[in-house]
Amino acid sequence: MYKIAVIPGDGIGPEVTEEGIKVLEALAADSELEFEFEYFNLGADHYLETGELVTDEVKEELAQFDAIYLGAVGDPRVEPGVLEKGILLDLRFTFDQYINLRPIKLLNEDFTPLKDKAGGDIDFTVVRENTEGLYAGFGGVLKKDTPDEVATQEMVNTRKGVERVIRYAFDYVQDRDEVDKVTVCDKRNVLTYAHGLWQRAFDDVAKDYPEVEEDHMLVDAMTMKMVRNPEDFDVVVTCNMFGDIITDLGAEIQGGMGLAVSGNINPDGVSMFEPVHGSAPDIAGEDIANPTAAILAAAMMVEVLGHAEEADRIETAVQQALTDNKTTSDMGGDLSTAEAGDYISSLL
Ligand code: NAD
Ligand code: IPM
Ligand code: MN
């Protein structure tokens, strides 16, 4: 029995997590797996009512779960950053989820905007550093709202933090037959201090994996190559900020924001699974959001909990739904969020 903490969150978050849970329940009904879900009311409504983001008591409770399943946070009624930093980043940091695993996999070639690219051409994984970099929260503003205003945001790179995420990327390749290359993506030609450290850490860690091929891309060239030659990548390891940006690009080349998955992973602790997309306030409440990313996030949770075969069943069902054009309007289908979840569940 797996105990899963569910944080539906804001906007389309509750709509898409409901479908993910529906699929997990369908899987449980037809496998040995069992799930128990407990809901946590965190997000804009709770914040506006109580002024609370995530309290220490809630964190202690969350620590008892096997995994956390999150929709999205962010709401136009709340100043940007309050919920994102106060809930999402706080949870990633508190649980030391130092890996953000973001597979970029084209499940159906009809859905990529890239010309002449087929399934196998777009199939790589971004390993995004998830606890440091520009996200560390250091910096400040001087002389606010004056013509002399100065704002800084420090990019924090610790040798320990950088090494552990790079090592994870190499281990990831070493453990899998189908991939053999790690590409480090940075901006070492300008961020000579910060990404000089990345460069040295990468070269040092690589020595322990002589059988794994190494490569390097500057981040600007990376975006170019993701569009032109995505088939060149197996595993890409990168800093927090660049990982955020390139995985939205990755989401689009794999078919859209409605399909992209994110696992915030602490290999020795509690991990948290969510779609790459946000709370999409522009379509919230309309029952048109694509639940596929949330459903694939549930599949990744099942895989990380140790059940690769069952996770594959969910991915196969999603793939079949895309083939059958039983999808939401963003993918050219005409199903509602709930109907799309029902269809995928029916295939399990
Ligand atoms: P977004 O990902 O929410 O939306 C971008 C665009 O993609 C929108 O047009 C939206 O309608 C569309 N879209 C996203 N998910 C979709 C889905 N499942 N089905 C169909 N269309 C979908 O990004 P944004 O608009 O930049 O941000 C909105 C809010 O979400 C902000 O408050 C932001 O901070 C927050 N956010 C949260 C997370 C998270 O919690 N993990 C991630 C990204 C953004
Ligand atoms: C993501 C989101 C978050 C990030 C925001 C909402 C803090 O964009 O998960 O990609 O930047 O990591
Ligand atoms: Mn993002």
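Brief remarks on what is shown
- For the chain, leaving out every one of the chymotrypsin sites (Phe, Trp or Tyr not before Pro) that falls in a DSSP loop and has at most 13 other Cβ atoms within 10 Å, the longest unbroken run is 194-348.
- Annotation note: GluC sites (Glu not before Pro) in the range 1-51 located in DSSP loop regions with a Cβ neighbour count of at most 15 within 10 Å are GLU32, GLU34.
- Value of D in µm² per second that Stokes-Einstein yields for the range 184-272, Kirkwood Rh from Cα pairs, at 25 °C (0.890 mPa s): 168 µm²/s
- Within the straight-line cut-off of under 24 Å between alpha carbons, the lysines reachable from LYS59 are LYS3, LYS85, sequence neighbours fewer than 8 places apart in one chain being disregarded.
- Size descriptors for the chain (Cα atoms only): Rg and Dmax, in that order, 19.9, 64 Å.
- Stokes-Einstein D in µm²/s, Kirkwood radius over Cα pairs - the range 216-263 at 25 °C with 0.890 mPa s viscosity: 219 µm²/s
- The eigenvalues of the Cα gyration tensor, multiplied by 5 and square-rooted, give the range 249-306 an equivalent ellipsoid with semi-axes of 23, 13, 10 Å from largest to smallest.
- Note on the range 214-348: semi-axes of the ellipsoid equivalent to its C-alpha gyration tensor, largest first and rounded to whole Å, are 26, 19, 15.
- Proxy reagent accessibility, fewest Cβ within 10 Å first, across MET224, MET241: MET224, MET241
- Mean shadow area of the range 70-161, taken as a quarter of the surface of its Cα convex hull (nm²): 10.1 nm²
- Sorted fewest first by neighbouring Cβ atoms within 10 angstrom, THR17, THR158, THR50, THR328 come out as THR50, THR158, THR328, THR17.
- Backbone N within the range 232-248 under 17 Å of label point (7 Å from LEU218 Cα along the Cβ vector): 239, 242
- The share of Cα pairs per 5 Å bin across the range 1-107, counted from zero up to the longest distance, runs 2, 11, 19, 22, 21, 14, 7, 3, 1 percent.
- The range 99-106 - phi-based ³J(HN,Hα) in whole Hz, Karplus 6.51/-1.76/1.60, Gly and Pro as x: 10, 10, 8, 10, x, 10, 9, 7
- Near the amide H of PHE273, within less than 5 Å, lie the amide hydrogens of ILE68, TYR69, LEU70, ASN264, all on another chain or at least 5 residues away, with H placed in the peptide plane.
- Rounded Å value of the spacing that divides the Cα centres of the range 45-99 and the range 100-173: 20 Å
Values quoted throughout were computed directly from the atomic coordinates according to the rules given, and no laboratory measurement underlies them. None of the values given here were measured: they were computed from a predicted structure. Using ideal geometry, Cβ is built from the backbone for each residue, glycine included, and neighbour counts are taken over all protein chains shown.
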